[in-house]
Amino acid sequence: MLYRSRRLEVLLGNSLDAVSYGALAALANNSEAAEAEDLDYKRELLAADDKGKEELAKDVAAFANHIGGVIVVGMADVKGIPAKVMDSDVFDAHQRHLQQVVVRYTAPPVRFDMRAVHNPDDPGRGFLLLAVPRSPYGPHAVTAPPTKATEAALRYPRRGASKTDWLTETDVATAYHRRFSSVADRGRRLADVEQELLRSLPVSNVAHLVVSVAPEVSGDMQITRESYGRHKEELLATGRFLGDDTSTFSDVRIGSRRLIAHGGDARGYWYNQCELHRDGSGSWAMRLGSRTSIVDAEEFSWTEPDTVVYELLSALHILGSYARDRTGATGAAVVKAAIVDAPHSHPAGPAKPEITPFLPFRIDSYNHSLGTRFPLSTQFSTYADSQSAALLDDLADGSTGLVQAAALVADELFHAFGIAEAAPISRDGEIRTSAWSPDLKSKIVRWASGHGIVVLAS
């Protein structure tokens with residue numbers, strides 16, 4: 001789910017996407033489960049008339065404009081304390097109706113998840129969970145026609161304690177300022193960590209993938225002798241790539257407000273370097289395993305699409321896990337990836353070294369049965385980049401959301417080479433096995449199967 005809350009997971013005894021009907025029913029008459037700034041109860045949620053549609057839009061936008069939260073539908077409350085199970089309609093048609101109401105009557109539309117928790121004794125009825133994360137795109141307004149006059153209301157709701165308030169004009173102006181300044185701040189932070197990594201890389205004349213992440217809400221990882229020993233041990237045990245238990249890093253040292261990890265041989269074929277900052281930001285550069293070919297007397301290097309996608313997925317997962325689980329960073333994050341034919345080709349990269357040769361770079365396919373290259377790129381690219389936003393939970397959990405985020409970034413990287421999309425993964429978060437080489441296919445399928453990700457045969 002988009003929304004994660006340690007408090008609610010402790011209260012429910014499980015994550016929102018796994019909590020059972022019995023656990024939710026057991027909340028009745030539990031004063032510790034009272035409505036709060038992150039929790040609301042509804043006996044039913046029809047959203048059938050103007051008032052109902054307005055209330056639904058208001059409740060969802062209020063959570064998005066605050067710290068996020070969950071609406072439990074199918075539970076009556078008395079003064080905010082859950083009192084009686086009142087099973088709700090949980091059929092797909094009803095869920096689609098509620099989704100459509102929120103999309104139509106909030107601006108910008110609030111992104112949220114909905115999960116049906118069926119009553120095992122009454123199919124089609126049970127609880128509906130509406131999980132709303134804090135939004136980096138707030139403030140969100142309610143656009144449904146008002147059903148009663150509200151003084152001094154600009155139609156921007158915000159959750160406060162166990163009720164909903166309306167933002168004042170000053171609140172709205174402040175929220176907009178924070179939205180845009182936060183995006184700018186994260187963009188600057190992203191550029192800083194990327195540049196610092198690039199300028200510390202060993203000299204090289206081969207292609208690199210550089211992936212960087214800057215969280216919306218910063219964390220704080222303390223670096224002490226004890227914590228450094230613990231983090232070093234964990235990082236050295238980190239698997240190199242998804243579905244691969246081979247160690248990623250061979251050494252971890254302390255830098256200025258960061259940990260610096262690297263693996264491989266700086267003067268050899270394979271090398272990677274990762275800088276993990278105290279605030280949860282991180283950047284990782286990996287050499288792209290490549291081959292060389294000569295066409296029309298021109299020599300060039302090239303790598304396969306699945307190699308790029310595999311390294312991108314792995315980098316996003318490890319950087320997201322570090323930010324959330326080691327530093328406590330939360331919310332969304334700005335993500336950037338770049339492919340360079342050599343580090344000095346990056347606009348923020350180091351000076352061109354005295355090393356040869358520097359070969360043009362492209363992305364092509366390889367027929368492993370015939371041992372021949374199949375052209376995909378229509379042009380060479382010295383520098384390709386893509387930037388987007390993603391939820392840290394998606395990256396850290398290694399869920400479908402990770403694949404969706406990677407697909408968006410990968411497609412834009414591939415455009416620089418004249419390729420329409422990265423075939424190994426889809427924007428829907430699927431793995432297309434036909435676009436993977438035999439070695440990587442077994443690893444990615446093993447990983448995907450263990451994380452509930454759809455694997456397509458074509």
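The values are calculated or read from the model by the stated rules, or taken from the named source; none is laboratory data. Quick caveat, the model's predicted, so the values are computed rather than measured. For neighbour counting, all protein chains shown are included, and Cβ atoms are generated from backbone atoms with ideal geometry for every residue, glycine included.
Take residues that are touching a helix residue (DSSP H, G or I) at 6+ places or on another chain (Cβ under 9 Å) and closer than 26 Å to Leu413 by Cα and tell me which of the strands (runs of 3 or more DSSP E) falling wholly in segment 196-249 contain 2 or more. First the steps, then the outcome.
Details: elements: 208-217, 239-241, 244-247.
Answer list for segment 196-249: 208-217, 239-241.
Out of the residues in segment 95-104 that are in contact (Cβ under 8 Å) with a residue 24 or more places away in the chain and touching a strand residue (DSSP E or B) at 6+ places or on another chain (Cβ under 9 Å), which is surrounded by the fewest Cβ atoms within 10 Å (Cβ to Cβ)?
Only one residue tops the list, namely Gln95.
State all residues of segment 287-308 that are part of a loop (DSSP other than H, G, I, E, B) and of a type in the set (A, V, I, L, M); if no residue qualifies, say none.
Result: Leu288, Ala297.
Among the residues of segment 105-123, how many are closer than 19 Å to Tyr156 by Cα and either of a type in the set (A, V, I, L, M) or free of Cβ contacts under 8 Å to residues at least 40 places away in the same chain (or both)?
Total satisfying the criteria: 4.
Would you confirm, using the coordinates I've provided, whether Asp341 is more than 26 Å from Gln404 (Cβ to Cβ), of a type in the set (Asp, Glu) and in contact with a Pro (Cβ under 9 Å, 6 or more places away or on another chain)?
yes
One residue is enough: does segment 86-93 have a residue meeting the conditions in contact (Cβ under 8 Å) with a residue 60 or more places away in the chain and surrounded by 15 or more Cβ atoms within 10 Å (Cβ to Cβ)?
no
Can you pull out every residue in segment 61-85 that is buried (at least 16 other Cβ atoms within 10 Å of the Cβ) and more than 21 Å from Pro157 (Cβ to Cβ)?
Gly74, Met75, Ile81, Pro82, Ala83, Val85
What's the total number of residues in segment 374-396 that are of a type outside the set (A, V, I, L, M), more than 19 Å from Ala420 (Cβ to Cβ) and either more than 28 Å from the chain's Cα centre (by Cα) or crowded, with 20+ Cβ neighbours inside 10 Å (or both)?
Counting residues in segment 374-396 that are of a type outside the set (A, V, I, L, M), more than 19 Å from Ala420 (Cβ to Cβ) and either more than 28 Å from the chain's Cα centre (by Cα) or crowded, with 20+ Cβ neighbours inside 10 Å (or both) gives 2.
Might you check whether a residue that is surrounded by 19 or more Cβ atoms within 10 Å (Cβ to Cβ), touching a Phe, Trp or Tyr at 6+ places or on another chain (Cβ under 7 Å) and farther than 19 Å from Ile318 by Cβ occurs anywhere in segment 422-439?
yes
May I ask you to say which residue of Gly263, Gly268 is on the phi < 0 side of the Ramachandran plot, without any contact (Cβ under 8 Å) to a residue 24 or more places away in the chain and either in a strand (DSSP E or B) or under 16 Å from the mean Cα position of the chain (by Cα) (or both)?
The conditions single out Gly263.
Go through segment 6-20 and give me each residue that's under 18 Å from Gly452 (Cα atoms) and touching a strand residue (DSSP E or B) at 6+ places or on another chain (Cβ under 9 Å).
Leu16, Asp17, Val19
Name the residue, out of Ala390, Ala422, Ala348, that is at pLDDT 95 or above and in the same structural domain as Ser281 (by TED's automatic domain parsing).
Ala422
Can you pull out the helices (runs of 4 or more DSSP H) entirely within segment 1-101 that have at least 2 residues that are of a type outside the set (Lys, Arg), modelled with pLDDT under 95 and in the same structural domain as Pro146 (by TED's automatic domain parsing)?
Passing ranges, in order: 6-12, 50-64.
Is it fair to say Leu288 is closer than 22 Å to Leu392 by Cβ and crowded, with 21+ Cβ neighbours inside 10 Å?
Judged against the criteria, Leu288 is not a match.
Collect the residues in segment 370-405 that are over 19 Å from Glu216 (Cβ atoms) and touching a residue at least 60 places away in the same chain (Cβ under 8 Å), keeping them in residue-number order.
We begin by selecting, within segment 370-405, every residue over 19 Å from Glu216 (Cβ atoms); these are 370-385, 398, 400, 403.
Arg373, Leu376, Ser377, Phe380, Gly398, Val403 - these are the residues of segment 370-405 that are over 19 Å from Glu216 (Cβ atoms) and touching a residue at least 60 places away in the same chain (Cβ under 8 Å).
Just checking, does segment 251-265 include any residue being buried (at least 21 other Cβ atoms within 10 Å of the Cβ), in the same structural domain as Asp393 (by TED's automatic domain parsing) and modelled with pLDDT under 90?
No - not one qualifying residue is present in segment 251-265.
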